[in-house]
Structure formats: structure tokens, C-alpha cells
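Student: The following block contains the structure, expressed as C-alpha cells.
The values are calculated or read from the model by the stated rules, or taken from the named source; none is laboratory data. Model, not experiment: these values are computed from the prediction. Cβ sites come from the backbone with ideal geometry, for glycine too, and all protein chains shown count toward neighbours.
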């Protein structure tokens, strides 16, 4: 049984072929694209279950490809960066990537991350918090799980799936400190093997959309050494 269709966007033929063979052995159906422009065209043709996207691509960068895909889909995206490219990693997460890996990587680690993010598909995973689907309204922020809609003081705010799930969990536990481990476990899954920096980037993005002054947050506060809290 196939584990899903993967679009591998990689301009180095040796890497692309190694991934095609390695992921094929793991049960994935692999499609490839060699540059950013081809990646967007292939994405529409293939309708993949996950995109493995290199940052450095000809014609159109991986960051821009990620941004364009996010305008039309919440399909899981894992960015591939060269070792030590901190800026690329952060920017990739900010434009909507779900996770990242650095070259060189082990196929076993890559597959574990792929399974983890694919379990977070909108059609496969329930809401992260164990409560009913009633709308939550705290501090001028209203979240409606049924409509997948968020407003701040009546103005609609667009959130990708991970940001929505993270805010959902924070609002449902407003006033309580949620540890980093709890947030990662409930939003990304207990078997998530990525960097915890992913959580910090998503918190930063939420603050940018919800806080009056993101540099001095009053809604989503950091509890040093523990995690985060949504303040009532």
C-alpha cells in the first residue's frame, strides 16, 4: 500500500535520483521537478500529499515556491537547506513550511519527519484540543473551529493550519501555562523529530497577526524556561 505521492523539488540529479529510489523503497510514489517554475506546474498536475522542497533552485527560489503553494494549498511542505543556512530555515518556516531538513540527511530521519507532518493533513487529523467545536472568544480574539475562522476585534485573520491549531490549543487553555513539549506534542504529534525552533517561529507569526505590538506581546506571553501562555 502506498504511503502517498511526494513531489521532490531538487535541481541536483544525484540527490533527486537518490530520493526517488529511497522513498520509492519506503512505499512512496515519487514525482520530481528540477526548478521552481517546473515545481509549481508539477504541483498542479500531481496534487501531491507532501512536497520536499529544496531552498536553492534555478528560475524561482524554494522560498517563493513555498509562498506560492501556500496561497492555494495547505499540503505539508518540508524544506531542504544546506547545512548552517539559518536564515533560509527561518524564512522557510515563516512563509509556511511545516518542517525542514539539512543536507546531508539520512533517509530514515527524512521519512520519519514526512510521516509526522503528513499526519497533520487537514482531512486526517481532528482539532488539537480535546473540547467541543464551539467558538472561543478571549481578549478580542475569536476562533471558530467549525468554520476554521479567526477574527481579531472583528477583523478576519488568515491562519494556515499549524498556526490555527496552535492558537486553538492556546485559547482553549487561556490562563494556563502550556509547556513547549505539550504544544509540540499536541500540534505536531508525539513522534515529531524536528527542531523546536519550529514552535518559536509559529508563535512569532501568531504574534505578528494578533498582537498590537508583536515585539511586546500581551496576549501570547513567554513563560521563561517553561513555554507559552495565552493571557485572558
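Student: Out of 131, 148, which single residue is surrounded by fewer than 17 Cβ atoms within 10 Å (Cβ to Cβ), within 25 Å of residue 72 (Cα to Cα) and at pLDDT below 90?
Tutor: Values: 131 fails: within 25 Å of residue 72 (Cα to Cα).
So the residue among 131, 148 that is surrounded by fewer than 17 Cβ atoms within 10 Å (Cβ to Cβ), within 25 Å of residue 72 (Cα to Cα) and at pLDDT below 90 is 148.
Student: Let me ask something else. With the requirement that a residue be assigned to a loop (DSSP other than H, G, I, E, B) and closer than 21 Å to residue 156 by Cβ, what does segment 192-212 give you?
Tutor: 211, 212
Student: Another question, if that's okay. Tally the residues that are part of a helix (DSSP H, G or I), more than 20 Å from the chain's Cα centre (by Cα) and either buried (at least 16 other Cβ atoms within 10 Å of the Cβ) or not assigned by TED's automatic domain parsing to the domain that holds residue 103 (or both), restricting the search to segment 26-61.
Tutor: The number of residues fulfilling the criteria is 3.
Student: Further question: Any idea how many residues of segment 138-191 are touching a residue at least 24 places away in the same chain (Cβ under 8 Å), more than 20 Å from residue 223 (Cβ to Cβ) and in a strand (DSSP E or B)?
Tutor: Count: 3.
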